[in-house]
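See below for the structure under consideration.
Just so it is clear, none of the values below were taken in a lab; they were calculated from the coordinates. Predicted model only: the values in this text are computed from it and were never measured. Heads up, the Cβs are rebuilt from the backbone with ideal geometry, glycines too, and the neighbour counts pull from every protein chain shown.
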Amino acid sequence: MLDAFFFAMMSGAGEGYFVAFALELGIDPLKAGLLGTLPLFFGGTFQLFFPKILEKLSNYNRFIYLASAIQATSFFPLVAFAFFQFKSFYLLLALNSIYWIMAFGLNQSWNAMISGLIPPDLRLSFFSKRSMLIYVGMFIGVITSGIALEYSRISHVSIYCFGWIFFFCMIFRLTSAFFLKKHSLVMMEDKEKNIFKKNIFEKFKTYTPSGMGNILFFVFFFRIAIYLSAPFFIPFMIKELKLSYFSFMGIISASIIGKIIIAKSLNAIAIKYNLNRIFFLSCLCICFIPLGWVFLSKNTLYLIILEIFSGMFWGGFEYSIFIMIINEIPRNFQARYMSIYNFIIAIAIITGSLTGGYIFSNINFLYGPYVLIFALSSMGRLSSLLFYPKIFDRIHIPKRHIFTKPLSIRPGQGTVDRPIIFKPRNHS
């Protein structure tokens, strides 16, 4: 459990403040915003190659230790950047990309390792406690960094505070890896290696039902519209609205609170009201969030309330997608299928981010570039609903044993979660 807490502290204290650090260094808002999204593209792309590395190592533990160490050391240059006030967009992009490449790879390996360690009859209790511990750790990390940055800003030493924050993030990640190393060795089975050797894209095409292809098509365009505006959320809050770090901290933590509120209720809501309603309502509400950033920007409290609801809507969106995958895809291919799903999202991320960046820097608008990009993002999200597929009515909703696993923090979305579902052990 301690590995989860220290991982969460690293995630909360560091991930939400990468872009804020770039802005503090003096990097312009466009480039700083892209530092928050382009590394996700590299993470979603390079994770396709990790199975080959896993196959060579033959066990999950070695890969997890190696990736955790690399992820931890990616913070060290950021410490140097802060104390020497060195700014280089491309070096920051490379460091953030290394961080996210390791993060994507670690998720696959950790799932496989932990499934081999935790007996089925203990999984319910273990994952329930672990998920809540991660939420708490992320929340503490966000709050601690926000308070430290606000007090350092008042003293005009916030750039050095970033250095100390990233130093402690490195320590947190190494500590998490230390506790992970105490786990028993989990070897890769031959049948898993055989799955890795098969052409993943051919298998993806084979295992994608026509209805599910429609939902992936919709999600792809929906995500493009989302990432038109996503790079500019933090620059808008910090540079345009000139919010204090304390207010910014409140906005980031609000979306985490929203995820916590909705996490344990989604399964019961889906059973009572239908999964299709949850997904459509979540998508519809997500469409208007960028406009909320503009129209509610005069009052920080309103933005915090908006982000609480944003976290709840994103929780419903992610839950619906995952339930669809576990119902439509054979169990032995679900992990690899999620890799392709992440790659599709990565293509949407870079398409939306670069398109948004071009519009932001090249098209003049009476009310400013932020209003333009947020309005276009909302219109794009609404337009993608024209492709909304109605396949959720036939999806079976498991009656119990559903928990969400927080993976990372994305300002404007809250935590990125993945539900974990375990069937009860059969007794004969």
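Taking label positions 7 Å along the Cα-Cβ direction at both SER128 and VAL157, the computed distance is 4.6 nm, reported to one decimal.
Put a dot 7 Å past the Cα of ALA268, heading toward its Cβ, do the same for PHE217, and the two dots end up 3.8 nm apart. Taking Cβ atoms as reference points and 14 Å as the exclusive limit, the residues near TRP293 contribute a net charge of +1, counting Lys and Arg as +1 and Asp and Glu as -1.
For LYS405, nonlocal amide neighbours, meaning residues 5 or more places apart or on other chains whose placed amide H falls under 5 Å from its own, are ARG418, ILE420.
Segment ARG277..TYR358, full-extension length gain: 25.6 nm, with 0.36 nm per residue of separation and the alpha-carbon distance subtracted. Cross-link check: pairs LYS31/LYS52; LYS129/LYS272; LYS129/LYS259; LYS52/LYS181; LYS31/LYS242 evaluated at a Cα-Cα cut-off of 27 Å; pairs beyond the cut-off: LYS31/LYS52. Sorting the segments 31-39, 271-279, 152-160, 18-26 by their mean number of nearby beta carbons within 10 angstrom, highest to lowest, gives 31-39, 18-26, 271-279, 152-160. Gain on full extension, evaluated as 0.36 nm per residue between LEU2 and LYS242 minus their Cα-Cα distance, stands at 82.7 nm. Comparing ALA4, PRO39, PRO29 along the charge dipole axis of the stretch 1-58, the residue lying farthest to the positive side is PRO39, per the Cβ-charge model.
Extension gain for MET379 to PHE49 (0.36 nm times residue separation, less C-alpha to C-alpha distance): 115.3 nm.
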